[in-house]
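Notes follow the structure.
The values are calculated or read from the model by the stated rules, or taken from the named source; none is laboratory data. Note that the coordinates shown come from a computational prediction; the quantities given were computed from them, not determined experimentally. Note that each Cβ is placed from the backbone with ideal geometry, even for glycine, and that neighbours are counted across all protein chains shown.
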């Protein structure tokens, strides 16, 4: 293993949920290809921030997860998407919530970070901003999105938020999370994914993306809790992630996290039946699991 490959780290997820693992072959192979792309980018010196954005776009475009093209309509029959992207070294962060009419909300979130004085734009404001920044519109939602009707009850729903965390060869950490939220959710519902500290976080210690039932991750401030446990109690990342997830579970929800620290490989605990994930292991190889 080269010195460069020792410095980089990467993990991605395609959502935690109570799905049948035997039906995840297509998603797993796609996650493998996305992770291979990320590994190549990181070995080539691309920044962690650029890597998490590009891989999140690949996951949004796949239509295999509840994010981007795979988003389902809300109770009003509209598609509202959320995303967050965060740079650990600077703590610069951008997010969008309840964004309608545009592909790749993670790109709009990056634009919020770089071209506004704000952290988050929501609803019509996010839509207006995306148009001003010439972000790519969805011309025909009924043709673009995979799911065109609410066909399942809330207790039957899978959760398929996507996320990426990376450490580049300069030691910089970054995270991105993107979701279409719950199928059939109330119009205007916003979960944890676009909220820094709840569903997404990156600082000098750790980069985190969460997936699962967002309301409970918000109540537990799960992503920020992991970093706080590391900072205030000097808790190692694996233990901090597990403890924060346990605290989330006590609120009543299920889900998982992917997290990277300044050293070591990814930590990926989950409390659901499974979590679609891919990562670079200690030998620099890409691994996948559900």
- Query: Which helices (runs of 4 or more DSSP H) does segment 69-165 wholly contain that include 1 or more residues that are at pLDDT below 95?
  - Reply: 141-144
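Which ones in segment 13-53 are outside any helix (DSSP H, G or I) and crowded, with 22+ Cβ neighbours inside 10 Å?
Answer for segment 13-53, where residues must be outside any helix (DSSP H, G or I) and crowded, with 22+ Cβ neighbours inside 10 Å: 13, 14, 15, 16, 17.
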- Out of all the residues in segment 221-241, is one or more surrounded by 22 or more Cβ atoms within 10 Å (Cβ to Cβ), touching a helix residue (DSSP H, G or I) at 6+ places or on another chain (Cβ under 8 Å), under 22 Å from residue 41 (Cα atoms) and at pLDDT 95 or above? no
- Message: Is it the case, given these coordinates, that residue 64 is within 24 Å of residue 182 (Cβ to Cβ) and assigned to a helix (DSSP H, G or I)?
- Response: no
- List the pairs whose first member sits in segment 32-53 and is at positive phi and in contact (Cβ under 8 Å) with a residue 24 or more places away in the chain, whose second member is buried (at least 22 other Cβ atoms within 10 Å of the Cβ) and in a loop (DSSP other than H, G, I, E, B), and whose Cβ atoms are under 8 Å apart, counting only residues at least 6 apart or on separate chains? 45/168
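Which is under 15 Å from residue 88 (Cα atoms) and outside any loop (DSSP other than H, G, I, E, B), of 243, 228?
Exactly one of 243, 228 is under 15 Å from residue 88 (Cα atoms) and outside any loop (DSSP other than H, G, I, E, B), namely 228.
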- Message: I want to confirm something. Restricting to segment 251-265 and keeping residues that are more than 16 Å from the chain's Cα centre (by Cα) and within 10 Å of residue 205 (Cα to Cα), which single residue is surrounded by the fewest Cβ atoms within 10 Å (Cβ to Cβ)?
- Response: 263
